[in-house]
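Computed from the coordinates by the stated procedures, all read-outs in this text should not be read as laboratory data. None of the values given here were measured: they were computed from a predicted structure. Don't worry about glycine lacking a Cβ; one is built from the backbone with ideal geometry, like all the others, and counts go over all protein chains shown.
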Amino acid sequence: MTDVFRCRFAPSPTGYLHVGSAQSALFNWLFARSTGGQFLLRIEDTDAERNRPELTDNILEMLQWLGLDWDGEPVHQSDRFDAYRAAADQLIASGAAYACDCTTEQVQARNKAAGGPPGYDGFCRDRGLEPGPGRALRFRTPDDGVTAWDDVVRGKVTFDNANLEDFVLLRSSGTPTFLLANAVDDDFMGITHVIRGEDHVNGTPKYLLIRAALGLVDQPQLAHLPLLVNEGRKKLSKRRDDVSVADYKAKGYLPEAMRNYLSLLGWGPPDGVEVRPIEELIELFRLEDVNPSPAFFDLKKLEHVNAEWIRRLDPADFVERAEAFLTDEAEREALRALGSLAQERVKVLSELPEYFDWVHGPADDERSWEKAMKVPAAADLLDGAVAGYEDAPWDRDELHARFMDLAARLETSASKAQGPIRVAVTGRISGLPLFELLVHLGREETLARLRAGRARLG
RNA sequence: GCCCCCAUCGUCCAGAGGCCUAGGACACCACCCUUUCAAGGUGGCGACACGGGUUCGAAUCCCGUUGGGGGUGCCA
């Protein structure tokens with residue numbers, strides 16, 4: 001075998017890829033790419049009841065979108081039941097596992113009656129039940145001693161074996177649980193580094209015990225990454241929080257920004273430069289530098305990183321990506337003409353429509369109207385603009401110059417003077433630079449809107 | 001309840017015993033620039049949870065307290 005590092009991302013297709021998983025995938029990927037190792041994929045679909053195969057497509061699609069390319073073909077656990085069965089048989093034969101016919105309800109009832117802690121009470125441990133259909137298989141955990149490992153991000157973690165219950169290896173349906181499947185597959189795939197979320201820490205001693213009982217001596221390095229939390233400092237959850245990577249894509253976050261931001265949670269480049277190409281991130285990333293405390297998934301900062309990435313885009317690239325967020329060809333035409341002006345303003349691509357909806361007429365925005373038109377000289381401004389633009393050469397500098405003259409004549413600041421014109425033409429109090437926009441709109445349409453605005457003013 | 005983990009500005013990250021009167025970024029505030037809004041520039045606000053040790057010296061090491069989180073499924 002080689003001495004190349006091998007890590008894996010092992011999602012289960014029970015939901016869309018979410019940002020926490022994406023970060024875990026990203027750190028695995030960064031680790032592999034920075035060490036010349038391999039980044040493998042394993043689809044954990046042992047639970048037929050919960051799996052939704054189409055979700056696997058979403059997960060792979062989002063990984064690709066993020067640019068997290070994997071090595072080799074993904075391993076599907078649903079293809080490997082024979083291997084788990086064989087491992088289970090081995091554990092039965094060695095006495096490390098035993099059959100159990102307790103139902104969950106029975107276990108809970110006994111715990112309640114005894115006033116004891118939750119978890120399996122070892123009822124079937126010495127009943128000598130014959131393993132078979134309808135009976136779960138449990139692991140016989142040691143009664144004493146400790147199970148410990150040196151976690152790459154957390155240091156030494158130790159569990160007393162006495163606190164470990166006899167957990168389930170095979171369900172009564174005969175299918176394996178993830179603990180067994182992981183132990184078997186990590187060996188099968190030659191995994192040298194298990195890099196996953198902190199929520200897996202408590203399962204780790206069980207995983208280690210299974211490995212030992214199976215005679216697997218080359219223990220992989222373990223690294224438990226910090227959890228991503230919400231403003232309430234709780235683990236990001238599908239129910240409460242906006243976590244679907246696909247949703248962020250739909251909102252117009254760039255994959256470059258998404259992965260860049262995710263790399264900044266729980267880790268940071270030593271030189272403090274945060275927004276930078278993935279190649280540099282790869283070069284700088286060190287698994288042992290990841291810190292163990294939970295990190296808040298901060299949308300504001302994500303937006304900032306996204307805005308930075310948008311501004312760094314090649315203008316043509318920006319237009320290409322932006323087009324998908326506009327609804328019709330007229331707007332896209334305006335985008336192609338004025339794109340770079342929008343590029344430096346937008347934080348998220350989905351904001352684009354509000355920068356271009358004036359194409360079909362002034363937006364309906366009462367607040368903007370009132371705010372702009374309360375300027376005393378509003379009517380004179382509109383009249384003056386019509387008069388000045390009727391015969392103006394239709395270019396940006398000329399429109400600007402005539403506007404400045406008009407504002408000076410009416411003794412109104414340029415800042416205030418542009419309001420009524422902007423709102424008459426676009427409907428909004430703010431937006432793209434006015435004169436470039438007018439150039440694109442054209443003389444006829446501009447004058448028509450100015451006159452309509454003037455008429456509405458009364 | 002029990003087990004495990006965590007603890008530097010509001011947030012993210014830097015700091016691996018003296019370079020720290022703790023640095024950068026986001027957010028926020030002010031000013032500048034400016035046809036709006038952004039962007040950009042300048043400045044400001046703002047933290048080593050607490051208590052004991054160890055040490056000549058601690059944000060950095062140890063112990064405890066407090067606070068927070070995770071796990072506790074025949075889910076993964």
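Structural remarks
- Applying the condition of being away from RNA strand B (no atom under 14 Å from the Cβ) and part of a loop (DSSP other than H, G, I, E, B) to the stretch A:254-281 and asking which residue is surrounded by the most Cβ atoms within 10 Å (Cβ to Cβ) yields A:L254.
- Only one of the numbered conditions (1) more than 9 Å from RNA strand B (Cβ to nearest atom); (2) under 30 Å from A:E320 (Cα atoms); (3) exposed (fewer than 14 other Cβ atoms within 10 Å of the Cβ) is not met by A:S244, and that is (3).
- A Cβ distance below 8 Å, combined with a sequence gap of six or more or placement on separate chains, defines the contacts here; from the stretch A:222-235, residues that are within 13 Å of A:V19 (Cα to Cα) and in contact (Cβ under 8 Å) with a residue 24 or more places away in the chain reach residues that are aromatic (F, W, Y) and surrounded by fewer than 16 Cβ atoms within 10 Å (Cβ to Cβ) in the pairs A:L228/A:F296; A:V229/A:F296; A:N230/A:F296.
- When the stretch A:367-401 is filtered for residues that are under 17 Å from A:T426 (Cα atoms), surrounded by fewer than 17 Cβ atoms within 10 Å (Cβ to Cβ) and among the small types (G, A, S), only A:A379 remains.
- Applying a threshold of 9 Å to beta carbon distances and a minimum spacing of six or more residues, or different chains, the list of pairs starting in the stretch A:269-280 at a residue that is on the phi < 0 side of the Ramachandran plot and ending at one that is assigned to a loop (DSSP other than H, G, I, E, B) and more than 8 Å from RNA strand B (Cβ to nearest atom) reads A:P269/A:R276; A:P269/A:F285; A:P270/A:R286; A:I278/A:G67.
- If you go through the stretch A:284-317 and keep only what is among the β-branched types (V, I, T) and touching a residue at least 60 places away in the same chain (Cβ under 8 Å), you end up with just A:V290.
- Filtered residues of the stretch A:134-162 (kept if near RNA strand B (Cβ under 9 Å from one of its atoms), closer than 16 Å to A:L287 by Cα and touching an Asp or Glu at 6+ places or on another chain (Cβ under 6 Å)): A:K156
- Residue selected from the stretch A:192-233 under the condition basic (K, R) and over 18 Å from the mean Cα position of the chain (by Cα), by the criterion farthest from A:D89 (Cα to Cα): A:K206
- For the stretch A:9-62, residues that are in contact with a Lys or Arg (Cβ under 7 Å, 6 or more places away or on another chain), part of a loop (DSSP other than H, G, I, E, B) and not aliphatic (A, V, I, L, M) total 4.
- In the stretch A:176-204, the residues that are assigned to a helix (DSSP H, G or I) form Cβ pairs under 7 Å with partners that are among the polar types (S, T, N, Q), at six or more places apart or across chains, as follows: A:F178/A:T46; A:A181/A:T46; A:A181/A:Q77; A:D185/A:Q77.
- Neighbours by Cβ (under 7 Å, 6+ apart or cross-chain): first from the stretch A:372-401, under 14 Å from A:R443 (Cα atoms); second of a type in the set (V, I, T): A:A385/A:I421; A:Y389/A:T446; A:W394/A:V439; A:D395/A:V439; A:R396/A:V439; A:L399/A:V439
- Of the helices (runs of 4 or more DSSP H) entirely within the stretch A:282-362, those holding at least 2 residues that are within 30 Å of A:W267 (Cβ to Cβ) occupy A:299-312, A:315-323.
- Enumeration of residues in the stretch A:318-334 that are more than 16 Å from RNA strand B (Cβ to nearest atom) and either closer than 10 Å to A:L254 by Cβ or touching a residue at least 40 places away in the same chain (Cβ under 8 Å) (or both): A:R321, A:F325
- Evaluation of A:R449 against the conditions (1) free of Cβ contacts under 8 Å to residues at least 24 places away in the same chain; (2) away from RNA strand B (no atom under 15 Å from the Cβ); (3) buried (at least 19 other Cβ atoms within 10 Å of the Cβ) shows that the sole unmet condition is (1).
- A:S368 being in contact with a Gly (Cβ under 8 Å, 6 or more places away or on another chain) and among the polar types (S, T, N, Q): yes
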